[in-house]
């Protein structure tokens, strides 16, 4: 069954799943469809494009015991409050490229995300999972070679991405940050702002739910 054709203003929830032992990592980026040349591509073409980009750059940062499991997208149309079923690809699933023992499970790299606006809800972060010991320095800081891999993620995934449909059809995906704002009645609603600046943290980060104890992230369904 053919996927839904994307429209300007649609949001695409893109996720890359990694697993190691009992732990799961979910790397999430929201994209907004900001431009279209007809005939517009559909969901399957969006997934096909992102599935060529997420796995190789994320696998490059994870240890050789961890697995890149799948890429998924879900189309969301805010103008009509519609969400389509998640679409999944395991075509490029495979073990990580850092052929060495892992660092502690909760240890991650960190990419900082900024929108044009001030305030905590206008900033975000992406945690890069399961680095290997070879990615660490005796100083306790990520080495330049690991930070260069984070640069690759930032310059490939956090930029405008063209998705080709049937020629000359094309859509442009622009990375956005998702947050919630409070309505006057106390309810909350989703909002999105474009990500305009990214940067690498020069230290390791930690995520408690990726640790070896306590409640883990849920695996892909």
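The values are calculated or read from the model by the stated rules, or taken from the named source; none is laboratory data. Being a predicted model, the structure only gives us computed values, none of them experimental. Ideal geometry is used to build each Cβ from the backbone, glycine not excepted, and the neighbour counts take in all protein chains shown.
The table below gives the values:
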| item | result |
| --- | --- |
| Out of 181, 161, sole residue that is surrounded by 19 or more Cβ atoms within 10 Å (Cβ to Cβ) and either over 15 Å from residue 49 (Cβ atoms) or in contact with a strand residue (DSSP E or B) (Cβ under 9 Å, 6 or more places away or on another chain) (or both) | 161 |
| Pick from the range 5-45, criterion assigned to a loop (DSSP other than H, G, I, E, B) and in contact with a strand residue (DSSP E or B) (Cβ under 6 Å, 6 or more places away or on another chain), ranking: farthest from residue 170 (Cα to Cα) | 10 |
| Selection count where residues are surrounded by fewer than 20 Cβ atoms within 10 Å (Cβ to Cβ) and free of Cβ contacts under 8 Å to residues at least 60 places away in the same chain, scope the range 26-64 | 4 |
| Of the criteria (1) surrounded by fewer than 16 Cβ atoms within 10 Å (Cβ to Cβ); (2) over 24 Å from residue 145 (Cα atoms), which one residue 100 fails | (2) |
| Number of the exception - residue 68 against (1) part of a loop (DSSP other than H, G, I, E, B); (2) buried (at least 18 other Cβ atoms within 10 Å of the Cβ) | (1) |
| Any hit, the range 174-187, residues being over 20 Å from the mean Cα position of the chain (by Cα) and on the phi > 0 side of the Ramachandran plot | yes |
| Meets criteria (modelled with pLDDT under 95, surrounded by fewer than 20 Cβ atoms within 10 Å (Cβ to Cβ) and within 27 Å of residue 198 (Cα to Cα)) for residue 118 | yes |
